[in-house]
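> Dropping the structure in here first, questions after.
The values are calculated or read from the model by the stated rules, or taken from the named source; none is laboratory data. Owing to the predicted nature of the structure, the values given are computational and were not obtained by experimental measurement. No Cβ is skipped: glycine too gets one built from the backbone with ideal geometry, and neighbour counts run over all protein chains shown.
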Amino acid sequence: MVIVGAGIAGSALAARLSGAGLSIALVEAQPLAPPRLPAARDLASFDPRVSALTPRSRALLEEVGAWQAIADYRLCTYSHMTVWDADGTGVIEFDRQEVGADCLGHIVENRAIVAALLAVVEAGADITLFGETAVQACARDNNGRLHLTLAGGRELQPALVVAADGAQSPLRDMLQFPTREWDYGHRAVVATVQLERAHQDTAWQRFMPSGPLALLPLPGADDEHYCSIVWSLSEALVDEIMALDDAAFCARLGLASEHCLGEVVGTSQRFAFPLRQRHAVDYVQPGVALVADAAHTIHPLAGQGINLGLADVAVLAAEVTAGTARGAGPGDFALLRRYQRQRKGENLLMMAAMDGFKRLFEQDALPLRWLRNTGLKGVNRLPPVKQQLMRHAMGLG
Ligand SMILES: Cc1cc2nc3c(=O)[nH]c(=O)nc-3n(C[C@H](O)[C@H](O)[C@H](O)COP(=O)(O)OP(=O)(O)OC[C@H]3O[C@@H](n4cnc5c(N)ncnc54)[C@H](O)[C@@H]3O)c2cc1C
């Protein structure tokens with residue numbers, strides 16, 4: 001089989017399937033050198049891209065043998081989450097104790113996840129790595145067999161091709177998978193910031209009509225307190241915010257966060273990512289499967305993107321392993337359809353929920369503001385509803 005894309009999803013799939021009796025090629029357009037992992041904990045050294053990994057994602061990374069390296073490097077375990085509405089008094093608090101869990105999740109720098117997974121796949125005797133090798137073409141012959149052309153001219157004819165090549169997925173386009181997509185007219189500003197006060201192992205999220213702002217806790221250094229921010233803003237506002245000098249940006253972010261962690265004392269370089277929701281109508285064709293961002297991209301407001309992607313990986317790997325043990329080829333269409341059936345519902349549900357949240361909090365009309373605040377306060381006082389929400393967000397049910 002061929003896995004296209006060695007991001008978090010593609011590398012995790014190769015690692016999970018290693019040892020299952022398949023011959024696996026992992027093809028990546030970028031160089032496959034493991035990312036550098038700086039020891040320093042300061043504004044310049046944290047990766048500006050982080051993921052809030054759920055306990056379910058941690059379990060998969062443990063299973064493939066990548067978690068220990070991530071934990072040995074660094075991460076921030078969070079036990080509490082505070083979500084509030086900018087336009088009123090609505091607030092909802094989530095705490096690990098309410099669901100009897102040891103934590104709600106872990107904030108991990110993306111490059112630490114990739115480095116740990118690459119170390120695992122490099123050790124897999126049944127995995128051949130093709131770094132700096134983009135897939136240039138993928139087509140079927142008259143017998144329905146897949147032909148993959150790699151940069152440099154090499155041809156592969158796998159029984160199964162998995163597209164883990166990200167939101168823009170060239171492979172999805174080459175094989176003409178239809179998608180439904182819409183632009184939010186928003187971009188996410190991402191940076192590491194230093195704060196006056198400790199984050200208390202809490203993920204903070206404030207909803208504003210202009211978009212949500214998340215402050216995700218990072219491992220501290222002595223008396224210095226850091227968070228990674230994801231600030232979703234309309235196009236017009238993003239340009240304005242990106243053009244501010246650092247001091248003005250910190251002041252603006254302090255206001256936007258209602259100084260929940262005191263003053264913002266410093267910022268790293270800022271990056272802006274366009275936000276687009278996209279869902280492939282089908283995830284599979286005979287001999288082909290889409291996983292993670294290639295199948296679905298979701299608003300980052302609840303930090304669910306790669307968690308859904310890793311859940312795809314776990315289900316696809318389980319189906320391929322069980323199918324090949326029964327004697328079916330890894331590209332067997334019935335096997336792939338079982339993967340699609342198990343994953344599409346959860347992915348669609350989460351995408352719809354994120355979309356609904358975003359739209360509800362954008363509304364300025366008084367009845368909707370009242371509904372939001374009453375709803376947040378109401379849910380906060382209803383332990384069974386809260387527990388259900390938390391378990392779902394943690395990938396536990
Ligand atoms: C601002 C922001 C914040 C986010 N925060 C969170 C969060 O807190 N929690 C969370 O779960 N998710 C989060 N996400 C989403 C998460 O980052 C993505 O879901 C995740 O990175 C997708 O991983 P992937 O492996 O599917 O794709 P990618 O990471 O995009 O990897 C795809 C790989 O395929 C390679 N590739 C592409 N084309 C080819 C080709 N033709 N040939 C060979 N290789 C190719 C690329 O080089 C790349 O390495 C966030 C997203 C954004 C934008």
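> State the number of residues belonging to segment 153-196 that are touching a helix residue (DSSP H, G or I) at 6+ places or on another chain (Cβ under 6 Å), away from the ligand (no atom under 14 Å from the Cβ) and not in a strand (DSSP E or B).
Counting residues in segment 153-196 that are touching a helix residue (DSSP H, G or I) at 6+ places or on another chain (Cβ under 6 Å), away from the ligand (no atom under 14 Å from the Cβ) and not in a strand (DSSP E or B) gives 0.
Condition check ((1) under 30 Å from Gly327 (Cβ atoms); (2) at pLDDT 95 or above; (3) not β-branched (Val, Ile, Thr); (4) not in a loop (DSSP other than H, G, I, E, B)) across all residues:
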position: Ile3; (1), (2), (3), (4): yes, yes, no, yes
position: Ala6; (1), (2), (3), (4): yes, yes, yes, no
position: Ser11; (1), (2), (3), (4): yes, yes, yes, yes
position: Ala33; (1), (2), (3), (4): no, no, yes, no
position: Pro38; (1), (2), (3), (4): no, yes, yes, no
position: Phe46; (1), (2), (3), (4): no, yes, yes, no
position: Thr82; (1), (2), (3), (4): no, no, no, yes
position: Glu98; (1), (2), (3), (4): no, no, yes, yes
position: Ala101; (1), (2), (3), (4): no, no, yes, no
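> Restricting the first residue to segment 302-326 and requiring it to be of a type outside the set (A, V, I, L, M, F, W, C), which pairs with a second residue that is more than 16 Å from the ligand (Cβ to nearest atom) and in a helix (DSSP H, G or I) meet a Cβ separation below 6 Å and a spacing of at least six or different chains?
Filtered contacts from segment 302-326: Glu319/Leu335; Glu319/Arg338; Gly323/Leu335.
> OK, next. I'd like to check something: does segment 70-78 contain any residue that is in contact (Cβ under 8 Å) with a residue 12 or more places away in the chain, more than 14 Å from the ligand (Cβ to nearest atom), assigned to a loop (DSSP other than H, G, I, E, B) and hydroxyl-bearing (Ser, Thr, Tyr)?
no
For (1) within 21 Å of the chain's Cα centre (by Cα); (2) buried (at least 20 other Cβ atoms within 10 Å of the Cβ); (3) away from the ligand (no atom under 16 Å from the Cβ), each residue gets a yes or a no:
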position: His225; (1), (2), (3): no, yes, yes
position: Leu244; (1), (2), (3): no, no, yes
position: Ala251; (1), (2), (3): no, no, yes
position: Leu255; (1), (2), (3): no, no, yes
position: Ala272; (1), (2), (3): yes, no, no
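> Thr267 versus (1) near the ligand (Cβ under 9 Å from one of its atoms); (2) at pLDDT 90 or above; (3) of a type outside the set (Phe, Trp, Tyr); (4) closer than 21 Å to Val189 by Cα: which is the lone unmet condition?
The single condition Thr267 does not satisfy is (1).
> Check Asp85 against each of (1) over 24 Å from His199 (Cβ atoms); (2) surrounded by 21 or more Cβ atoms within 10 Å (Cβ to Cβ); (3) away from the ligand (no atom under 13 Å from the Cβ) and name the one condition it does not meet.
Going through the list (1) over 24 Å from His199 (Cβ atoms); (2) surrounded by 21 or more Cβ atoms within 10 Å (Cβ to Cβ); (3) away from the ligand (no atom under 13 Å from the Cβ), Asp85 breaks only (1).
> Inside segment 274-297, can you point out the residues that are within 23 Å of Leu53 (Cα to Cα), in a strand (DSSP E or B) and either of a type in the set (A, V, I, L, M) or near the ligand (Cβ under 9 Å from one of its atoms) (or both)?
Answer for segment 274-297, where residues must be within 23 Å of Leu53 (Cα to Cα), in a strand (DSSP E or B) and either of a type in the set (A, V, I, L, M) or near the ligand (Cβ under 9 Å from one of its atoms) (or both): Pro274, Leu275, Leu290, His296, Thr297.
> Right, next: Looking at (1) in contact with a His (Cβ under 9 Å, 6 or more places away or on another chain); (2) more than 14 Å from the ligand (Cβ to nearest atom); (3) polar (S, T, N, Q), find the lone condition where Gln340 falls short.
Only one criterion is unmet by Gln340, namely (1).
> Still on this structure, I have one more. Between residues in segment 148-171 that are under 20 Å from Pro330 (Cα atoms) and residues that are acidic (Asp, Glu) and not in a strand (DSSP E or B), which pairs lie under 7 Å by C-beta distance while being six or more apart or on different chains?
Leu171/Asp165
> Val114 versus (1) closer than 30 Å to Leu218 by Cα; (2) at pLDDT below 95; (3) aliphatic (A, V, I, L, M): which is the lone unmet condition?
(2)
> Another question, if that's okay. So, in segment 37-57, of the ones that are over 21 Å from Leu215 (Cα atoms) and touching a residue at least 24 places away in the same chain (Cβ under 8 Å), which residue ends up farthest from the ligand (Cβ to nearest atom)?
Leu37
> Another question, then. For segment 134-166, how many residues are under 28 Å from the mean Cα position of the chain (by Cα) and modelled with pLDDT under 95?
Adding up the residues that qualify gives 0.
> Right, something else. Mind counting the residues in segment 298-321 that are within 7 Å of the ligand (Cβ to nearest atom) and not in a helix (DSSP H, G or I)?
Residues meeting the conditions: 2.
> Need the failing condition index for Leu335 against (1) touching a Ser or Thr at 6+ places or on another chain (Cβ under 6 Å); (2) free of Cβ contacts under 8 Å to residues at least 40 places away in the same chain, just the number.
With (1) touching a Ser or Thr at 6+ places or on another chain (Cβ under 6 Å); (2) free of Cβ contacts under 8 Å to residues at least 40 places away in the same chain applied to Leu335, the lone miss is (1).
> Looking at Val64, Val83, Val50 in this structure, which one is touching an Asp or Glu at 6+ places or on another chain (Cβ under 7 Å) and among the aliphatic types (A, V, I, L, M)? Spell out the reasoning first.
Values: Val64 fails: touching an Asp or Glu at 6+ places or on another chain (Cβ under 7 Å); Val83 fails: touching an Asp or Glu at 6+ places or on another chain (Cβ under 7 Å).
Result: Val50 is the single residue among Val64, Val83, Val50 that is touching an Asp or Glu at 6+ places or on another chain (Cβ under 7 Å) and among the aliphatic types (A, V, I, L, M).
> Right, next: Would you confirm, using the coordinates I've provided, whether Glu93 is outside any loop (DSSP other than H, G, I, E, B) and over 27 Å from Arg278 (Cβ atoms)? Spell out how you get there, then give the answer.
Working: outside any loop (DSSP other than H, G, I, E, B): yes; over 27 Å from Arg278 (Cβ atoms): yes.
Yes.
> Just to be sure before I move on: is Ser11 touching a residue at least 24 places away in the same chain (Cβ under 8 Å) and buried (at least 23 other Cβ atoms within 10 Å of the Cβ) in the structure I sent? Steps first, please.
On the way: touching a residue at least 24 places away in the same chain (Cβ under 8 Å): yes; buried (at least 23 other Cβ atoms within 10 Å of the Cβ): yes.
When the stated conditions are applied, Ser11 passes them.
> In addition: Looking at this structure, is Ala25 modelled with pLDDT of 95 or more and in a strand (DSSP E or B)?
Criteria met by Ala25.
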